[in-house]
Amino acid sequence: MKQRRRYSREYKVSAVQMTEKKNLTVGEVAESLGIGESMLRKWKKEYQDGKLNAFPRNGRMSDKDAEIARLRHENRRLQAERDILKKATALFARPM
């Protein structure tokens, strides 16, 4: 099995900037860096959509992703509380 290569945020930004500042095509930059053309196009689109929040991997989440994670965590906690209350209600409603 081939190991997946990881690229730092700085590497991705510099690759995208090569296409913008040096007037090279995406294909030329991708070939010179030894990466896939589609990968570089994806990086370029992500960078153009949100320069400051681009490439939020490795523990850095965008605000939207952080909010979703917080809400999912809260949802799991509330479901656990609900299940405990259901069991307690059933226990107390049982005739002795």
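The values are calculated or read from the model by the stated rules, or taken from the named source; none is laboratory data. Here the structure is a predicted model, which is why all the values come from computation and not from measurement. Cβ: placed from backbone, ideal geometry, glycine included. Neighbour counts: every protein chain shown.
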Check your understanding: Does Gln79 meet the test of being closer than 30 Å to Ser14 by Cβ, of a type in the set (S, T, N, Q) and at pLDDT 80 or above?
Key -> no
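Which residue is nearest to the chain's Cα centre (by Cα), if the candidates are limited to the range 30-48 and must be outside any helix (DSSP H, G or I) and loosely packed, with under 15 Cβ neighbours inside 10 Å?
So in the range 30-48, the residues outside any helix (DSSP H, G or I) come out as 34-36.
Filter once more, so that each one left must be loosely packed, with under 15 Cβ neighbours inside 10 Å: 34, 36.
On the way: Gly34: 24, Gly36: 20 Å.
Here the answer is Gly36.
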Review point. Which residue pairs have Cβ atoms closer than 8 Å, lie 6 or more positions apart in sequence or on different chains, and pair a first residue in the range 67-96 that is free of Cβ contacts under 8 Å to residues at least 12 places away in the same chain with a second residue that is in a loop (DSSP other than H, G, I, E, B)?
Key: Ala69/Met61
